[in-house]
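Working notes for the structure below.
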Amino acid sequence: MSERTLVLVKPDGVSRGLVGEVISRIERKGLKLVALELRNVERSVAEQHYAEHAERSFFGDLLDFITSGPVLAAVVEGPRAVTAFRQLAGGTDPVEKATPGTIRGDFGLEVQYNLVHGSDSTESAEREIKIWFPEL
Ligand code: IDP
């Protein structure tokens, strides 16, 4: 049973030259890239994507950050792809939660600048894929 997940390399990951590193880890895991695009993010897209955080104190900062430069957006497919990519990414806080060996654990220091996004459930994945890749 294959499933899909939405992956973003956030502006910090793109500007630090970590796109290849992230793609490489996805491919080495055995997951398949089914869509891939570098793009600038409209604020309205960022708002939809992070709608569940609208009431959080960091929401404005998060939108500023996500729209601050190009992101790499990808749809990734494979068995248990949602969980598989969340494992590759590591926990939200790159120091306290993500362990070494994960993308955030290896390359991140601050909770906002944690390099990648991965959908947190299959329902979120389908919602987010519609936002980023409505044609899929
Ligand atoms: P996730 O990306 O690991 O699923 P979420 O809790 O959904 O984590 O948070 C979404 C994003 O919001 C995080 O990846 C991070 O960039 C940012 N974020 C989360 N918590 C904080 C915070 O306390 N301060 C600033 N940014 C935060």
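For VAL111, no residue has an amide H sitting under 5 Å from its own, ignoring neighbours fewer than 5 places away on the same chain, with H placed 1.01 Å from N.
Amide H contacts for ALA35 (H built 1.01 Å from N in the peptide plane; partners 5 or more residues away or on another chain; cut-off under 5 Å): VAL75.
Of all lysines in the structure, the ones whose alpha carbon falls short of 19 Å from that of LYS130, not counting any fewer than 8 places away in one chain, are LYS10, LYS32. Entry note, the chain: relative contact order of 37 percent, from Cα contacts under 8 Å with a spacing of 6+ residues. Over the chain, dividing the summed -39,500 (n - 2.57) contributions of all DSSP H runs of at least 4 residues by the number of residues returns a 222 nm mean residue ellipticity of -11000 deg cm²/dmol.
Geometric descriptor of segment 47-136, per residue, is 107 Å³ (volume of the convex hull of the Cα atoms). Listed values for segment 4-13 are Karplus-derived 3J(HN,Hα) couplings in whole Hz (6.51 cos²θ - 1.76 cosθ + 1.60, θ = phi - 60°), namely 10, 9, 9, 10, 10, 9, 6, x, 5, x, and x replaces Gly and Pro. Computed from backbone phi, the HN-Hα couplings of segment 16-27 come to 8, x, 9, 4, x, 4, 5, 4, 4, 5, 4, 5 Hz, rounded to whole numbers (Karplus: 6.51 cos²θ - 1.76 cosθ + 1.60, θ = phi - 60°; Gly and Pro given as x). Taking LYS97 as the anchor, which aspartates and glutamates have their alpha carbon closer than 20 Å to its alpha carbon, excluding any fewer than eight residues away along the same chain? In chain and number order, the partners are ASP12, ASP106, GLU110, ASP120. A simple rule links phi to the HN-Hα coupling: the Karplus curve 6.51 cos²θ - 1.76 cosθ + 1.60 with θ = phi - 60°, which for segment 62-75 gives 5, 5, 4, 5, 5, 9, 7, x, x, 10, 9, 9, 9, 9 Hz, with x for Gly and Pro.
Rule-based calculations on the coordinates, nothing more; no lab input. Worth saying up front: this structure is predicted, and the values here are computed from it rather than measured.
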